[in-house]
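The values are calculated or read from the model by the stated rules, or taken from the named source; none is laboratory data. Note that the coordinates shown come from a computational prediction; the quantities given were computed from them, not determined experimentally. In this analysis, Cβ positions are derived from the backbone assuming ideal geometry, glycine residues included, and neighbour counts consider all displayed protein chains.
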Amino acid sequence: MKAIRVYEYGNADVLRLEDVADPVAGAGEVLIDVASAGVNPIDWKILSGAMKAFIPLPLPFTPGVEVAGTVIALGQGVTEFKIGDEVFGFINIVGGYATKAVAAVSKLAIKPKALSVLQTGAVPAAALTAWQALTEHAGVQRRQKVLIHAAAGGVGSMAVQIAKYLGAEVYATASAHNHAYLKGLGADYLIDYTTQAFEEQVSEVDVVLDLVGGDTQTRSFKVLKRNGVLVSPVSQPNMSLANDYGVTPANFATRSDGRQLSLIAELFDKGHLTVDVEAYALSDAKAAIEKSQGRHLRGRLVLDATQ
Ligand SMILES: NC(=O)c1ccc[n+]([C@@H]2O[C@H](COP(=O)([O-])OP(=O)(O)OC[C@H]3O[C@@H](n4cnc5c(N)ncnc54)[C@H](OP(=O)(O)O)[C@@H]3O)[C@@H](O)[C@H]2O)c1
């Protein structure tokens, strides 16, 4: 098979496309003929070496946390899927940028019928992150006010739609050129964070989903109601500010969860969710990583592993 491999930490220049042996599905795993692999910020954070203290990886490794494709072999004891099933999943911390990948069945679901397999590779990590943030960590209820930072990106665009599905009133920060896109996804109020201070535009919010961190996260305390929730997969909110403002802080790492992905697939098939995808060839992973590092994407980038 073909795979992108990393022999040393660094920038996107260290990515190499190579021929390597196919992985083998172990007990409880399947082998997937990958059609599409999502490109996530975690990929270039790992690539840079910034995370090697928490996530030690033997070199060389293949980046990529999520894929969509077709099951082509079953490991021992697998009954949940059969050969030929089109599946998708947040498979691991690495391994996705390849023409084949193995994954535990517990991390996979049947792909939504409403999406092409290429689009589907963009979904698992972003949709699981948005779903877990809004339902498990923030407990969003109907008619609550939810502010989503970086709403036009991979996680943000899912979060806007999931918050609307949950019945919330959605405030979203994004550059002006993304406002029409976000209105189309259901956002109620748009704030151009490049020209407006969001804390002057919105107040008494029940939930902030922070997908930016830093100063944006710190300033978010001011817009929350007492007993509101500040949830961030980017970094741990400041505990002493959380105490001062009477806010519940939540920081989390996204959990891989095939059952939750089945529910998410249903939301796509019922028309509650859509995804905006820009595709690069697998051999063009360097360009895709560099574009992701620019931090001004709409929706998600994917690598087309069939090219
Ligand atoms: N801990 C975990 O398990 C976990 C899981 C998933 C994601 N994350 C983290 O969550 C963050 C978001 O992920 P993502 O995949 O959604 O990123 P992404 O797709 O790269 O986000 C891009 C978006 O960020 C927006 N943006 C950049 N700076 C902004 C600012 N100051 N205010 C508002 N919007 C801003 C851009 O909007 P404009 O183009 O409109 O300017 C763009 O649409 C990343 O840091 C990622 O690593 C963590």
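What tally of residues in region 231-247 results from selecting those that are in a helix (DSSP H, G or I) and within 11 Å of the ligand (Cβ to nearest atom)?
0
Scan Gly28, Gly38 and give me the residue that is farther than 12 Å from Gly96 by Cβ, in contact with a Gly (Cβ under 7 Å, 6 or more places away or on another chain), surrounded by 13 or more Cβ atoms within 10 Å (Cβ to Cβ) and small (Gly, Ala, Ser).
The unique qualifying residue is Gly28.
Is there a residue being in contact with a helix residue (DSSP H, G or I) (Cβ under 8 Å, 6 or more places away or on another chain) and either within 16 Å of the ligand (Cβ to nearest atom) or not assigned by TED's automatic domain parsing to the domain that holds Lys291 (or both) anywhere in region 12-22?
yes
Quick one: which residue in Ala180, Ala250, Ala174 is under 22 Å from Gly153 (Cα atoms) and surrounded by fewer than 18 Cβ atoms within 10 Å (Cβ to Cβ)?
Checking each option against the conditions leaves just Ala180.
Being at pLDDT 95 or above, on the phi < 0 side of the Ramachandran plot and in the same structural domain as Lys113 (by TED's automatic domain parsing) is true for just one of Ala242, Ala285. Which residue is that?
Ala285
Kindly provide the set of residues from region 163-176 that are of a type in the set (A, V, I, L, M, F, W, C), within 12 Å of the ligand (Cβ to nearest atom) and under 18 Å from the mean Cα position of the chain (by Cα), ordered by number.
Ala172, Ala174
Quick one: which of Ala265, Ala288 is within 14 Å of the ligand (Cβ to nearest atom), crowded, with 21+ Cβ neighbours inside 10 Å and in a helix (DSSP H, G or I)?
Exactly one residue qualifies, and that residue is Ala288.
I'm trying to understand the selection: among the residues of region 268-285, which are away from the ligand (no atom under 16 Å from the Cβ) and in a strand (DSSP E or B)?
Within region 268-285, Ala281 is the sole residue that qualifies.
Here are Val212, Val223, Val160: which of them is more than 9 Å from the ligand (Cβ to nearest atom) and touching a residue at least 60 places away in the same chain (Cβ under 8 Å)?
None of the others qualify; the one that does is Val223.
State whether one or more residues within region 248-257 are assigned to a helix (DSSP H, G or I) and within 14 Å of the ligand (Cβ to nearest atom).
Within region 248-257, not a single residue is assigned to a helix (DSSP H, G or I) and within 14 Å of the ligand (Cβ to nearest atom).
I need the full set of residues from region 177-206 which are near the ligand (Cβ under 8 Å from one of its atoms), free of Cβ contacts under 8 Å to residues at least 24 places away in the same chain and either assigned to a helix (DSSP H, G or I) or in contact with a Gly (Cβ under 9 Å, 6 or more places away or on another chain) (or both), in order please.
Passing the criteria: only His177.
Of the residues Ala163, Ala103, which is in the same structural domain as Val234 (by TED's automatic domain parsing) and among the aliphatic types (A, V, I, L, M)?
Step by step, each of Ala163, Ala103 is checked, and only Ala163 is in the same structural domain as Val234 (by TED's automatic domain parsing) and among the aliphatic types (A, V, I, L, M).
Per-residue answers, yes or no, for (1) away from the ligand (no atom under 11 Å from the Cβ); (2) closer than 22 Å to Ile42 by Cβ; (3) aromatic (Phe, Trp, Tyr):
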{"position": "Gly95", "(1), (2), (3)": "yes, yes, no"}
{"position": "Trp131", "(1), (2), (3)": "yes, yes, yes"}
{"position": "Leu134", "(1), (2), (3)": "yes, yes, no"}
{"position": "Gly156", "(1), (2), (3)": "no, yes, no"}
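Can you tell me which residues in region 295-307 are at pLDDT below 95 and either outside the structural domain of Val39 (by TED's automatic domain parsing) or more than 16 Å from the chain's Cα centre (by Cα) (or both)?
Listed by number, the list holds a single entry, Gln307.
Among the candidates Gly10, Gly84, single out the residue that is free of Cβ contacts under 8 Å to residues at least 40 places away in the same chain, within 25 Å of Gly153 (Cα to Cα) and surrounded by fewer than 13 Cβ atoms within 10 Å (Cβ to Cβ).
Residue meeting the stated conditions: Gly10.
Restricting attention to region 201-212, does a residue exist that is surrounded by fewer than 20 Cβ atoms within 10 Å (Cβ to Cβ), of a type in the set (Asp, Glu) and out of contact with any Leu (no Cβ under 9 Å at 6 or more places or on another chain)?
no
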